[in-house]
Amino acid sequence: MPDKNNIRLRFAPSPTGFLHIGSLRTALFDYIIAKKLGGKLILRIEDTDQKREVAGAVESLVKILDWIGIGFDEGPHAGGDYGPYTQTERLDIYKKHADELINKGRAYYCFCSAERLEEVRNKQQTEKQAPRYDRHCRDLSEDEIKKKIACSEKYVIRQKMPLEGKIIVHDELRGDIEFNATELEDHVLIKSNGIPTYQFASVVDDHLMEISHVVRGEEWLPSFPKNILLYQAFGWEPPKFVHLALTLNKGGGKLSKRQGDVAVEDYRAKGYLPEALINFCVLQGWHPKDDNEILTLDEIIKKFEIKDMGTSPAIFDIEKLDFFNGYYIRHKSLDELAEMCRPHLEENLKKTTDDRRQTTDFIKDVVKLEQERLKKLSEISELTEFFFVDKLEYDPTLLIWKKMSAEEVKEKLKEVADVLERIPEEFWTNDSIEEAIKTHIAAKNGQMGEYLWPMRVALTGRKASPSPFDVAEVLGKEDSLKRVKEGMERI
RNA sequence: GGUCCCUUCGUCUAACGGUUAGGACACCAGGUUUUCAUCCUGGUAACAGGGGUCCGACUCCCCUAGGGACUACCA
């Protein structure tokens with residue numbers, strides 16, 4: 001058993017604006033593993049590419065993850081003993097470690113210009129060779145280096161790769177992976193502006209922050225051997241690595257904006273619940289032993305095992321997300337659901353002049369009737385519009401049930417109105433309305449549909465809606481009668 | 001092009017080398033029902049292909065094919 005106190009995972013996003021749904025999945029697995037192993041979760045901001053940085057990104061990142069239910073034990077916002085947690089605030093640390101590698105002969109100064117690199121690359125490409133740095137500056141003499149630095153020539157620091165041999169790295173899911181040293185490039189560790197690359201900063205930070213498990217996307221697999229070599233160059237023990245299989249869009253490519261929403265914020269705005277997002281994302285790459293796929297975060301943590309994770313890429317199937325979302329909506333308490341629906345009902349609230357229909361009680365009544373139909377909270381607006389408008393707009397022929405004539409429809413509505421009229425206000429409940437109407441239908445030897453269909457359409461103006469008895473109760477006696485009578489006039 | 005990863009129903013996935021290849025979403029059918037939805041019951045549907053190893057292969061090995069990632073002074 002590992003020492004639980006030494007379990008430390010990190011989520012290390014770049015502050016580029018919004019949280020990608022794929023990153024959410026990574027953060028989720030980080031969180032789950034940290035909790036499962038009784039460890040800590042650290043937020044580290046990888047802002048070494050200043051060109052892509054977006055202001056306020058860190059705050060929104062923390063906010064949306066908090067909404068999901070993922071909190072951090074350490075981070076730029078939470079503090080901790082391993083800070084700073086923002087990479088551009090650690091530049092002196094990286095500089096010190098880069099110097100150490102230079103002194104050890106595991107890294108070197110490179111003065112090549114962007115133009116020269118470009119030339120080399122072009123030549124390699126026309127000769128059908130793999131484009132790679134030609135190691136031009138790898139063996140400069142001390143004097144040459146000193147002279148160039150004295151002339152304040154711009155330089156980068158590159159990692160000195162072994163020229164031959166095999167590098168074997170270990171992924172917790174895939175096992176050992178073998179790379180040929182000859183395939184590895186002397187990549188840049190410190191850029192000419194003094195800022196480290198991801199490759200360097202993440203290794204230094206993971207070590208210094210005592211990260212025990214690096215959970216990251218599969219796209220990092222190709223640079224994995226470079227990372228391990230870096231650990232070896234420093235003489236550090238590398239953490240465990242878990243490379244998550246990628247999430248793909250329906251076409252099989254990388255999940256991108258063009259095929260739909262990728263920002264978690266977008267899903268939130270559309271009315272997806274954290275529970276659904278969590279449940280859906282975790283099933284992309286992990287499966288519970290007992291096949292029970294409906295799981296809360298706590299249950300997931302309980303059942304989770306790293307070894308049960310898969311290695312093949314998963315296509316993002318929005319229909320399954322919708323299923324989970326509908327499921328969790330149906331299982332919400334009415335109070336909670338009504339509260340969550342409220343922001344989505346603003347448009348409807350503007351449509352009514354009746355104060356009663358602005359109340360929380362009315363909203364609850366309305367939401368209750370649509371709860372089982374909702375797949376996303378945003379749908380509540382369209383679904384319940386008829387409750388709020390003062391006058392319904394609909395095609396009168398909709399009132400006709402099967403082969404009934406307009407006259408028959410009118411007659412049935414008249415009878416419905418008469419029955420409703422006789423129900424006292426204080427008995428105006430769905431049950432008593434239903435009893436009264438059904439008693440009448442039985443007495444008339446009629447069919448349910450020939451009464452209930454026109455009644456429902458008159459009350460809602462739609463061909464699909466909740467039960468007319470429920471709608472009538474929520475609408476109230478006065479408005480229900482008004483709508484039924486309006487129906488009679490229209491047909 | 002090169003390197004690496006991946007390959008079970010349409011999709012997400014399960015299956016100590018021995019199962020009628022299981023579950024979930026979606027879909028279809030039936031039931032409940034005034035409509036839609038919910039709910040219940042049932043159904044269609046998969047081991048990429050080819051070689052081995054083995055008494056026996058979805059499972060192990062090799063090859064082929066397909067998909068993906070990477071190949072920046074981006075992460």
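Since every read-out is calculated from the coordinates, none of them should be taken as a lab result. Quick caveat: nothing in here was measured; it's all calculated off a predicted structure. Cβ: placed from backbone, ideal geometry, glycine included. Neighbour counts: every protein chain shown.
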Sparse-neighbour loop sites [GluC sites (Glu not before Pro); the range A:314-368; at most 10 other C-beta within 10 Å; DSSP]: none
Non-local amide H neighbours of residue A:286 (under 5 Å, H modeled in plane, Pro and chain starts lacking H): which ones? A:310
Cα centroid distance between the range A:84-100 and the range A:126-160, in Å? 22 Å
Rg and Dmax of the range A:167-302, Cα atoms only, in Å: 18.4, 53
Residue A:8 long-range amide H proximity, modeled H, under 5 Å: A:40, A:212, A:213
Taking the Cα atoms of chain A, report the difference between the largest and smallest coordinate on each principal axis, in whole Å and largest first. 107, 51, 39
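Where the only charges are on Cβ atoms (+1 Lys, Arg; -1 Asp, Glu), what is the dipole of the range A:81-209 about its Cα centre, to the nearest 20 debye? Intermediate values should be presented prior to the final figure.
Values: 21 positive and 25 negative charges, 92 e Å.
For this selection, approximately 440 debye.
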At a Cα cut-off below 21 Å, give the lysines reachable from residue A:148, other chains included and same-chain residues fewer than 8 away excluded. A:95, A:96, A:104, A:160, A:191
For the range A:3-32 and the range A:307-359, what is the separation of their Cα centres, given in Å? 25 Å
Tell me, what is the percent relative contact order of chain A, built from C-alpha pairs under 8 Å that lie six or more residues apart? 12 percent
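I need the shape label for the range A:70-201. Rule: rounded when a/c is under 1.5, else prolate if a/b > b/c, else oblate, with a, b, c from the alpha carbon gyration tensor. All intermediate terms of the calculation are to be shown ahead of the outcome.
Details: a/c = 1.99, a/b = 1.26, b/c = 1.59.
Oblate is the answer for the range A:70-201, as a/c is 1.5 or above yet b/c matches or exceeds a/b.
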Find how many whole Å separate the alpha carbon centroid of the range A:211-271 from the alpha carbon centroid of the range A:415-463. 59 Å
For residue A:272, what residues show an amide H to amide H distance below 5 Å, using hydrogens built from the backbone and excluding near sequence neighbours? A:377
Relative contact order (%) - the range A:270-372, alpha-carbon pairs under 8 angstrom, separation at least six: 28 percent
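Would you compute, from DSSP H runs of 4+ residues alone, the mean residue ellipticity of chain A at 222 nm, taking -39500 (n - 2.57) per run and dividing by the full residue count, rounded to the nearest 500? Please report the intermediate quantities before stating the final value.
Numbers: 20 runs with 221 residues, N = 491.
Mean residue ellipticity, 222 nm, calculated: -13500 deg cm²/dmol.
Contact order normalised by length for the range A:358-490, with contacts defined as Cα pairs under 8 Å and 6 or more residues apart; what percent is it? Could the numbers behind the result be given before it?
Numbers: 127 pairs, mean separation 44.6, N = 133.
It rounds to 34 percent for the range A:358-490.
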Beta bridges per DSSP with both ends in chain A, % antiparallel, nearest 5: 55 percent
Segments A:150-160, A:201-211, A:64-74 sorted - mean Cβ within 10 Å per residue, highest first: A:201-211, A:64-74, A:150-160
